[in-house]
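**Q** Here it is, the structure, as structure tokens.
The values are calculated or read from the model by the stated rules, or taken from the named source; none is laboratory data. Keep in mind that this is a model prediction, so the values were computed, not measured. Positions of Cβ are backbone-derived with ideal geometry, glycine not excepted, and every protein chain shown enters the neighbour counts. The protein model used for the area step is the full one, side chains on, heavy atoms only, and it has no ligands, DNA or RNA in it. Shrake-Rupley method; radii C 1.70, N 1.55, O 1.52, S 1.80 Å.
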Amino acid sequence: MSAAQYAFRAQKTAGIAVGPSWEVSDSIPSDTAATRCYAHSSDGEWFAYAEGSSVHVLPSSSSSSSSPVVISQPNVLALNFSPLSTNLFTFERPVKQDNGDMHKNVKAWDVKTGEEVGGWYSKSMDGWEPIITSTESHLIRSGASDIAVFSPPLASRPISRVRVEGVKGIFLSAPTTLSAGVTSSKPVHPHQEPAVAIWIGEKKGAPASVSLYSLSSLLPKSPTSNGTVNGDEIKTETKDLPNTVARKAFYKADKLNVKWNNAGTQALFMAQSDVDVTGKSYYGETNLYLVSLDGSFDGLVDLDKEGPIYDFTWSPNSREFVVCYGYMPARVQLFDSKAKPVFSFGSQHRNFLLYQPQGRLLLSAGFGNLAGGVDIWDVSTRNKVAEFKASNSSHCEFSPCGQYILTATLSPRLRVDNGVKIWWCGGQLLHIQPVDELYQTSFAPRLLKDIGPFPPVIPKAPEPNESVAKYGKKGDTANGGDSKPAGAYRPPGARGTLASDVYSRRDDDKSSPNGSGASTPTPMFRGGKPAGRYIPGSAPPGSAPKEQANNDDKKKRTRKRGKAENDEKPVEAVTEEVAKVDIKDEGDDSTAKKIRNLTKKLKAIEDLKTRLAGGEVLERTQVKKIESEQQVRDEIASLGGSA
């Protein structure tokens, strides 16, 4: 098993760092600058990077017998290897030729010789990557009114054209599985052939839809049209889009994100609209759907918390998936293959999910505009095994061996503190590499079938290298060390009082250890209703009143009574009479509520009578209210109360 390594690309440098020392190798010249892009092959054996006037293809391992290749192709903006690393595809900006035709801005090159072997025109950089089966037997390309299937992939003419309009996306599965013993649970057996998910957009009021097809259903039926190596001898068969039992129709889909499971038997897709008509979210509305290739299940994944869907991912065993959703703090929920909730990992400020390649560990993190907290969960025991904080990170991934975690701060997302950090899967920081204006970084990948097992217990972390002591900052904490948990913001007047819990946004019915952020009822909010007005700085509800406060209240009541105190009975006496109203039937809430309202009216009438006796001129409506006193008392009596 080769050592883990990661590549990086910045404005003034590029290179490959090899673990466990993470020293930059000399495979790429140290003075390499202004690289526009790079790409790894799917098996990690080849690495390519593009400069201004050429593309360099070199083996990732220094022990490889293959020799580097230089392709003289300027202005390359993106690179992509074919699944078996046979060809390298390059993308350039589309440019019109002198005769008015568009030149082939997507080109295919032989990896070993560097010769151009094919190409075609792509309108934009979005979705330019070739859609090729894992065995490199077929290539699929979408047109304005059809879908073309080529075999072999670089043939000049397709073997099949499927008539369909409004295609907005094609997503191909790559059925495979982990080797025996790699994961703790038995993986799903892979489907016998690749499948295609076709996204058709909304048109004239008709809903959008995602349909799943086996690749063989899109191929020609005639055996004579299977094609030959010579593209001119290939016959093209035109057919209509076949029927399928795996289809889901929906509205509100300006964007679509589709993820197949490793077995190629089910697909998750998240539909996102640019505008939320309810006005609850600035970022639009999101919905998650699950569709099985055999038609056994298709439907909406029911989420029990309102808010956007931040991320979702399949388990490598293809039997379950995890979703991060809801207004912050977001909930991380595990579902089975029938979209039934299995386990909740709680609510935290998280928006990113990542499974370890072996499927034993799950990483949940809060990146972007969040603080960078990272949790590592053991999927089998459902326990949190590690946590650390990777502040300002905008990229994260596991190494193929499952032991290392890479986090990076990339430009232009953030133009300061750019660099790469390597963490142990137990949360310990092992390596820091500051890189100014870092644009791209990633581990060298490995095929799923080549991934080795991971031990049941997390191994002991190696010693960190010197870079941690040299470049480490106070904000980089592992396993919660020296990090004080941050709760919800509370105004200064409410801190340290019973009102503090009002400002908590937790909804998982779990109390924090220090008492802040708890969702249990407090004296201020009993049963979800205010128990009384709370004034910051005053004595908590239920506490004994101070003598000084009682004296102040008496002075205020004395000033309010004025001259009416000598002519009529005091307000306290009226209050005592009103308080004598006894509610006999406590079982009927509606009746008790009516009696309370009538009691308030009676108290208001007594206040008006006091003001009238004091010589105050009342309005006509106030006089009528006084005249209705007996009617109010009779109504209280009819409801079972007494006044």
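**Q** Can you give me the convex hull volume of the Cα atoms of the stretch 140-221, divided per residue and expressed in Å³?
**A** 130 Å³
**Q** Can you give the FRET efficiency to the nearest 0.05 for Tyr471 and Met328, using r as the Cβ-Cβ distance and R₀ = 41 Å?
**A** 0.85
**Q** Moving to a separate point now. I want to check the label-to-label distance for Ala613 and Gln97. Put each point 7 Å from Cα in the C-beta direction and report it in nm to one decimal.
**A** Rounded to a tenth, the inter-label distance reads 10.6 nm.
**Q** Now for a separate question. Starting at the first residue of the stretch 321-327, write each ³J(HN,Hα) from the Karplus equation 6.51 cos²θ - 1.76 cosθ + 1.60 with θ = phi - 60°, in whole Hz, x for Gly and Pro.
**A** These are the phi-based 3J(HN,Hα) values: 9, 10, 10, 10, 8, x, 4 Hz.
**Q** Round to a whole angstrom and tell me the spacing of the C-alpha centers of the stretch 593-643 and the stretch 313-387.
**A** 61 Å
**Q** A follow-up question, please. How would Asp436, Asp375, Asp240 rank on accessible area, largest to smallest, probe 1.4 Å?
**A** Ranking Asp436, Asp375, Asp240 by accessible area, largest first, yields Asp436, Asp240, Asp375.
**Q** Provide the FRET efficiency to the nearest 0.05 for the Asp450-Lys235 pair, computing r from the beta carbons and using R0 = 45 Å.
**A** On the way: r = 38 Å, r/R0 = 0.85.
Here the calculated transfer efficiency is 0.75.
**Q** Would you pull out the residues with amide H under 5 Å of Ile28's amide H, same chain only if 5 or more places away, H placed 1.01 Å from N?
**A** Ile16
**Q** Now a separate question. Pop a pseudo-label 7 angstrom from the Cα along the beta-carbon direction at both Tyr251 and Ile170 and give the gap in nm to one decimal.
**A** About 3.0 nm separates the two model spin labels.
**Q** Using amide H atoms built 1.01 Å from N in the peptide plane, name the residues 5+ places from Gly119, or on other chains, whose amide H lies under 5 Å from its own.
**A** Here the answer is Ala108, since their amide H atoms fall under 5 Å of that of Gly119.
**Q** May I ask you to evaluate 6.51 cos²θ - 1.76 cosθ + 1.60, the Karplus curve with θ = phi - 60°, for each residue of the stretch 252-258 and list the ³J(HN,Hα) values in order in whole Hz, giving x for glycine and proline?
**A** 6, 9, 7, 9, 9, 10, 10
**Q** Further, regarding this structure: Please list the non-local residues whose amide H lies under 5 Å from the amide H of Phe343, H modeled 1.01 Å from N, same-chain partners needing a gap of 5 or more.
**A** Sorted by chain and number, the residues that satisfy this are Leu334.
**Q** A further question follows. What are the ³J(HN,Hα) values, in whole Hz, obtained from phi via the Karplus relation 6.51 cos²θ - 1.76 cosθ + 1.60 with θ = phi - 60°, for each residue of the stretch 30-47 in sequence order, with x given for Gly and Pro?
**A** Each residue's phi maps through the Karplus curve to give 5, 8, 5, 9, 6, 6, 8, 5, 8, 7, 9, 6, 5, 8, x, 7, 10, 9 Hz.
**Q** Once you have the Kirkwood Rh of the stretch 229-383 from its Cα pairs, apply Stokes-Einstein at 20 °C and 1.002 mPa s and quote D in µm²/s.
**A** The estimated diffusion coefficient comes to 125 µm²/s.
**Q** Wrap a convex hull around the Cα atoms of the stretch 307-410, take a quarter of its surface area, and give that in square nanometres. Display every interim value, and only then the final one.
**A** On the way: hull surface 24.9 nm².
With the hull built on Cα positions only, its mean projection is 6.2 nm².
**Q** For the full complex of protein chains and a 1.4 angstrom probe, list Arg93, Arg163 by accessible area with the highest value first.
**A** Result of the area sort, largest leading: Arg93, Arg163.
**Q** Still on this structure, please answer the following. In whole Å, how far is the Cα centre of the stretch 421-472 from that of the stretch 98-151?
**A** Result: 36 Å between the Cα centres.
**Q** Then there is this: Write down the Kirkwood hydrodynamic radius of the stretch 591-639, to one decimal in angstroms, obtained as one divided by the mean of 1/r over all alpha carbon pairs.
**A** Roughly 11.3 Å, rounded to one decimal.
**Q** Turning to a different aspect of this structure: Order these peptides, 591-600, 354-363, by their mean beta-carbon neighbour count within 10 angstrom, highest first.
**A** 354-363, 591-600
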